[in-house]
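For reference, the structure discussed in these notes is given below.
The values are calculated or read from the model by the stated rules, or taken from the named source; none is laboratory data. These numbers come from a predicted model, not from an experiment. Please note: Cβ atoms are built from the backbone with ideal geometry, for glycine as well, and neighbour counts cover all protein chains shown.
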Amino acid sequence: MKKQALLAAIATTLALPGAATAATGLSFGDTVKLNSNGGANKTKIVRMTNGRLVSVYGDYLDPNENTVYDVKEQGERPARDIFARYCDADCDQESSWSEEVNLSNTAAKTSINTDWNGYTITIDENGDILETTREPEAFPGDSDKPNIFNSGSRVVVSWVDKYCEGGDQRMVSYRSLENREIPFSCTYAVTSSDNGTTWSDAVQLSSGERDAKQDVSRGLGTGEWALTWQEDPRGLQRGEAEGPGDGASGANTSHGTDIWYSYALKGWGTQDAGIWTTPVRVTDNYIDGQEAAGNFDVIKDSSGEDITASTGSTSVDGSEIVEGGKAGASRANLALQFGELDSTPQVILAYEETKGSDGLDEGKYVRYHTFDWNNPEAQAGCIISNPLLNARRVRFVPQKEAGPVSGMRLGIFWKEGEFTQGGPSDIMLRKGIVNGGNGFSPAEMVPAVDANCAVSDYASARALNNAPALNMSSQAEIAQATTDADIANSTLSDDTNQVVEESANAHRGLLRGDDLYIGYTYTPVLAELLYTNTKNYNFYLRHYNGATGEWSAPENKSNETDTTINVREPRLVGTPGSTPACATNPEECQDKTKFYLAWGKQTNVSAWSDNATSELDLYATRVEDKGAYLTPIVTFAGEADGVETFESQIRMTPAGNRLFTVWNQIEGDETHAMYRESTVVELPDDVVETNEGDGTLVGCSYSPGAPFDPTLLLLTALAIGGLTVRNLKARS
C-alpha cells in the first residue's frame, strides 16, 4: 500500500479537538515527472478557466549536445529550450498529460560566434606565462527561465534567449570568467488563445543589442496584454555575491539600463501575426551623449569587433555605440487592471533603480508609475521608498474591485534598510486606497508620498517628503496586534534601523476585498544566521482587516526550531476568481476566505564553511476562515532519499478544495520537473492523541493556527499498514 494512500486513509480516522466543525487536512496523490532530458529549470503551472492545467519548464534539448556556458552557474551545460504540457483530468497519472511541445526551438540554432571557452594558458620557452584566446565558436541558442500568465482562454509564455536573429546581437567578455565571451539575450513570447492546445510561433521582441533579462507579462481575458523586461547596454552584470541570491539575476545593472515595454493588440488569437507592438522604453535612464559607466568588461559586436570605447552618443557615421546614462532600472513587476473611471486598462509598473548619485550613494529607490495600456511613454517613476535608504525587490498585489469598506485596490511592498550588498532589511508597505481616482495613482497611496515624487535627479530625490511606509517585519517575534488608530505606538511605525540586526526577505502578498495578507521570512539576528547558525529564517504572516482597521500580530507559520535549517521560497496564493462553470459546479465558485501557504527548507550553512547548502523538503497548508485555522502542515515533496526539492509553484480551484503543485527536483546529476496534487479531506472530531516518542500515537493535540508535525500521520499510517519506519526526518 502506497504511503500517500495510507495518509489518505488515516486522514478519515484521526481527529482534532475543540473544533466547532470537522477539521480538514490535505491528502496528496501520486507524483508525476513532466520533463524528459534531466535539465529542468523554473517549472511553472497555471490553471485555465476551463479547468485545464498548463505547465511550462526549461529542459535540455539534448543532454549530450549544444553546450553553452552558464554565467549564473559558472559552468558548462547543454542548452535549454522551453517546453509545455497540459492536462484536463486525472493529472496524477503521467498518461493524462499531453505530449511535450517545444515552444522556443532555439537550442539547436546559433546566431553568433563567440570565444565562450575563454582563454588558455601556455608557457613559452623562457618560462613566461602567455594567455592565448581561442578561436570563436558557435554559441547555441539557450532559453532562460519561462514566465507564464493566463486569463480567460489566453495564455502567454515569455523568456529571454541567446538566439537573436537580425545581426544586431552583441557579446560581453567577462574578465572574472577567464575572458569568456557570452552573447547578449533577447526577449521572446509565444501565445495561445485556446487554453494551450496550440501555440503561436515564438516572436522575438528585442534585438540583442542590449542584454535582456527579467521579463514579465500580464493580461486580461479580452486580450489586452502587456510585457516588460530590462535591457543592459553592457551585458548582464554578475554582482558581488554578497546578497542572499545566486548573482547574475539582473539586480546589478550598468548605467543606461531601462525597462522596455510592448503590448499585444486587443482580441488576438493564437494564429494572428504581428500582435505585439514595437517595444519602447518606459523608464528614462538612457541619456544620449552620456558616457556608459559602472562596468569595464569588453563589449563586442556580432563580428567580434571591440566597441567598448564607442559610448554615449548617437553615431553619425553608422559605427557601433554602447549606450549610457546615469542610473539603471531592474527587476520590474507588472499588473494590468481596468480603472474604475473608464474602460481603458491601466498598467501598474514598479521596479528598483540605482540612484544616479555619481558614486555618492550605492543604494536604490523603488519607483512606481501607471499609464494607459496602449499609451506607454518613457518617464521618471514616482519614488515611493525612503529616498535616503536602500530599497529593492518591490512586489504588489492589485485587485479588480476595491474593498467594499476599505476602498483598497493595491498593496505594494518592498525590502528597505540602511545597508547594501545583502545587509539587514525590513519589509515596508503602502496601500492604494480609492480617493477620487481608481486607487492606483501615487496620489492615492497610504501612507502618502510626496506630490512631486516623480523626479529623476539625485538632489531632488533626497529632498522628497514621503511619509514613512508601514514596517511589516520589525520585531516580528514580539510585535503585537494593533489598529490603524494606534500605528504610531506600534512596531508598524518602526524605522528600519530600530532593531538593526534583524532582517526579512522573500516577501509575499495577497489582497482579497478588505483583507490584505503580507508574509515574509524573518530572522532576529542576521549575523548569527550567517556566521554561527544559531539563528535561522522562519515564515511569518500578518493580516490586515481593512473593514475594521485591525492588524494582526506577525505569526510564525513555519516554526522551524532547528537553526541549522532555513525556511525559504515561501508561497502565499489565494483562490482564483469564479469560472463560467460556477453556475453548476460549486468547486468553480471563488471562496475568498481560503488561501494556501507553501515553503521549502534549506540547510543553514555558515558563510565561513566550505560546504554547499542543500535543498530539503517542500511543505503546504491550507488557511481557512481568513487565517483562523490552518490544516496540518504536510510534506508534499522531498521525502525520498537522495533528492533535493525546491522552487515550488502552486495553484488551486476557486473553492480551494484542490491544490496543484509543481517543483524542481534534483536526483543525482539530473533535475526534473515534478507535479503532484492534493484534495481536502475531513478529520473526525473527538479524538485526542499524543506522541510518546515510541512510534505509537496515544494522544497528541493540535492547536489550530500552530504548526503540525507531518510525521504524526505517517507514523500512524505505517503502524496500520504493518510497515517499518525508514529514514523519518525530524520536523518542527
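Quick notes on this structure:
- Region 647-679, residues that are at positive phi and either buried (at least 23 other Cβ atoms within 10 Å of the Cβ) or not acidic (Asp, Glu) (or both): GLY656, GLY668
- Yes/no for ALA488 being closer than 30 Å to LYS355 by Cα and among the small types (Gly, Ala, Ser): yes
- Cβ pairs under 8 Å, 6+ apart, first in region 440-465 and under 27 Å from MET408 (Cβ atoms), second acidic (Asp, Glu): LEU464/ASP450; ASN465/ASP450
- Residue match in region 620-629 (condition: of a type in the set (Phe, Trp, Tyr), under 30 Å from GLY403 (Cα atoms) and at pLDDT 95 or above): no
- Filtered residues of region 269-286 (kept if modelled with pLDDT of 90 or more and aliphatic (A, V, I, L, M)): ILE275, VAL280, VAL282
- Applying the condition of being out of contact with any Gly (no Cβ under 8 Å at 6 or more places or on another chain) and not in a loop (DSSP other than H, G, I, E, B) to region 273-290 and asking which residue is surrounded by the fewest Cβ atoms within 10 Å (Cβ to Cβ) yields VAL280.
- Spans of strands (runs of 3 or more DSSP E) in region 72-146 with at least 1 residues acidic (Asp, Glu) and farther than 26 Å from SER200 by Cβ: 75-78, 129-133, 137-140
- Counted residues, region 423-446 - those being surrounded by fewer than 17 Cβ atoms within 10 Å (Cβ to Cβ) and within 25 Å of VAL500 (Cα to Cα): 1
- Selected residue (criterion: farthest from TYR57 (Cα to Cα)) from residues of region 147-165 that are in a strand (DSSP E or B) and charged (D, E, K, R): ARG154
- Any hit, region 576-584, residues being over 26 Å from the mean Cα position of the chain (by Cα) and polar (S, T, N, Q): yes
- Pairing each residue of region 619-644 that is over 30 Å from TRP551 (Cβ atoms) with any residue that is in a helix (DSSP H, G or I), provided the two are 6+ apart or on different chains, yields C-beta distances under 9 Å for THR635/THR711; THR635/LEU714; GLU639/LYS3; GLU639/LEU714.
- Candidate set from region 403-462 (those that are among the aliphatic types (A, V, I, L, M) and over 30 Å from HIS255 (Cα atoms)); member that is nearest to the chain's Cα centre (by Cα): LEU410
- Some residue of region 623-634 being assigned to a strand (DSSP E or B) and basic (Lys, Arg): no
- Every residue from region 52-69 that is acidic (Asp, Glu) and crowded, with 16+ Cβ neighbours inside 10 Å: ASP59
- Here the condition is being among the small types (Gly, Ala, Ser), surrounded by fewer than 18 Cβ atoms within 10 Å (Cβ to Cβ), in contact with a strand residue (DSSP E or B) (Cβ under 8 Å, 6 or more places away or on another chain) and modelled with pLDDT of 95 or more; of ALA481, ALA476, ALA459, ALA485, it holds for ALA481 alone.
- Residues that are closer than 22 Å to GLN399 by Cβ and crowded, with 18+ Cβ neighbours inside 10 Å within region 591-613 comprise ASP591, LYS594, PHE595, TYR596, LEU597, ALA598, listed in sequence order.
- Region 528-549: number of residues that are farther than 23 Å from THR621 by Cβ and either crowded, with 23+ Cβ neighbours inside 10 Å or not hydroxyl-bearing (Ser, Thr, Tyr) (or both): 8
- Filtered residues of region 177-199 (kept if within 30 Å of GLN237 (Cβ to Cβ), modelled with pLDDT of 95 or more and assigned to a loop (DSSP other than H, G, I, E, B)): PHE184, SER185
- Test: residue in region 200-211 that is within 30 Å of GLY51 (Cβ to Cβ) and assigned to a strand (DSSP E or B): yes
- Residue in region 93-106 that is nearest to SER302 (Cα to Cα), counting only those that are touching a strand residue (DSSP E or B) at 6+ places or on another chain (Cβ under 6 Å) and not β-branched (Val, Ile, Thr): SER104
- Residues that are among the charged types (D, E, K, R) and closer than 30 Å to LEU616 by Cβ were ranked within region 550-585; the one that is surrounded by the most Cβ atoms within 10 Å (Cβ to Cβ) is LYS557.
- Inter-residue pairs, beta-carbon under 9 Å, first without any contact (Cβ under 8 Å) to a residue 60 or more places away in the chain and in region 566-587, second assigned to a helix (DSSP H, G or I), 6+ apart: ASN566/LEU529
- Number of the condition not met by ASN465 [criteria: (1) farther than 30 Å from TYR263 by Cα; (2) outside any loop (DSSP other than H, G, I, E, B)]: (2)
- Here region 148-186 is the region considered, the condition is being free of Cβ contacts under 8 Å to residues at least 60 places away in the same chain and either of a type in the set (Phe, Trp, Tyr) or surrounded by 23 or more Cβ atoms within 10 Å (Cβ to Cβ) (or both), and the residue that is farthest from ILE275 (Cα to Cα) is PHE184.
- Some residue of region 536-548 being of a type outside the set (A, V, I, L, M, F, W, C) and in contact with a Pro (Cβ under 9 Å, 6 or more places away or on another chain): yes
- Some residue of region 107-128 being touching a strand residue (DSSP E or B) at 6+ places or on another chain (Cβ under 8 Å), of a type in the set (Phe, Trp, Tyr) and modelled with pLDDT of 95 or more: no
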